[in-house]
1. Give all pairs with beta carbons closer than 9 Å in which a residue from the range 109-137 that is at positive phi meets a residue that is among the polar types (S, T, N, Q); count only pairs at least 6 apart in sequence or on separate chains.
2. Need a quick list: helices (runs of 4 or more DSSP H) entirely within the range 52-164 having at least 1 residues that are buried (at least 18 other Cβ atoms within 10 Å of the Cβ) and in contact with a Phe, Trp or Tyr (Cβ under 9 Å, 6 or more places away or on another chain).
3. Tell me, which residue of the range 1-48 that is outside any strand (DSSP E or B), within 10 Å of the ligand (Cβ to nearest atom) and among the β-branched types (Val, Ile, Thr) is nearest to the chain's Cα centre (by Cα)?
4. Taking interchain pairs and intrachain pairs at least six residues apart, which have beta carbon atoms under 8 angstrom, with the first residue in the range 33-51 and farther than 22 Å from Asp128 by Cβ and the second of a type in the set (Ser, Thr, Tyr)?
5. In the range 87-107, is there at least one residue being closer than 20 Å to Ile29 by Cα and touching a Gly at 6+ places or on another chain (Cβ under 6 Å)?
6. Return yes or no: is Ile7 farther than 22 Å from Ser132 by Cβ and either of a type in the set (Lys, Arg) or in contact (Cβ under 8 Å) with a residue 24 or more places away in the chain (or both)?
7. Give the number of residues within the range 49-60 that are within 16 Å of the ligand (Cβ to nearest atom) and touching a helix residue (DSSP H, G or I) at 6+ places or on another chain (Cβ under 9 Å).
8. Specify which of the listed residues (Val48, Val27) is surrounded by 18 or more Cβ atoms within 10 Å (Cβ to Cβ), in contact with a Cys (Cβ under 7 Å, 6 or more places away or on another chain) and of a type outside the set (S, T, N, Q).
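Only the coordinates and a few stated rules stand behind these numbers; no lab work does. No experiment lies behind these values; they were computed from the predicted model shown. Don't worry about glycine lacking a Cβ; one is built from the backbone with ideal geometry, like all the others, and counts go over all protein chains shown.
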Amino acid sequence: MTKALRIGTGYDVHAFAPHRDLILAGVTIPYEHGLDGHSDADVVAHAVTDALLGAARIEGALDIGQLFPDTDAAFKGADSIELLREAATRVRAGGYRIVDADCVVIAQEPKLSPYRAEMRLNLARAMDIDVSMMGLKATTTEKLGFAGRKEGIAAQAVVLLERE
Ligand code: MG
């Protein structure tokens, strides 16, 4: 019998803003700007969360905005790694096993390689998967587009689930 596999993709963008910490995959990264947003604006955690929810397709939790509305004061300044943890718990309760995940961060600056191991670990722990199942890489856009102009950061993720 064929195993029931589900795949989900997630994409998010946040603009740089002054007087904010830059938090990516739960790591506070030293940089001249942070990202603007209702929560902690962790664009990496948001993309992974949306990929996870996109694969599970649970009514009422079809995407990050539906599960954690930014109109809800409860999520102001929220730790997005904790939101990912909640989403993963929800997905697991919905009868899915998280099989694999990968993410690419699109940023001209800052250089993320020194933080890669910690970022992967944070994402993997939030989803309660082995770190070997969480891919993470970064790319610039060769100075093209909003990311290239250092106006913000984008992240794209993919998650594979198996129906238990
Ligand atoms: Mg977001």
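1. Final answer for the pair search is Asp128/Thr89.
2. Helices (runs of 4 or more DSSP H) meeting the threshold: 80-93.
3. Val44
4. Taking only residues 6 or more apart or on different chains, the pairs are Ala41/Ser80.
5. No: zero hits.
6. When the stated conditions are applied, Ile7 does not pass them.
7. Count: 4.
8. Val48
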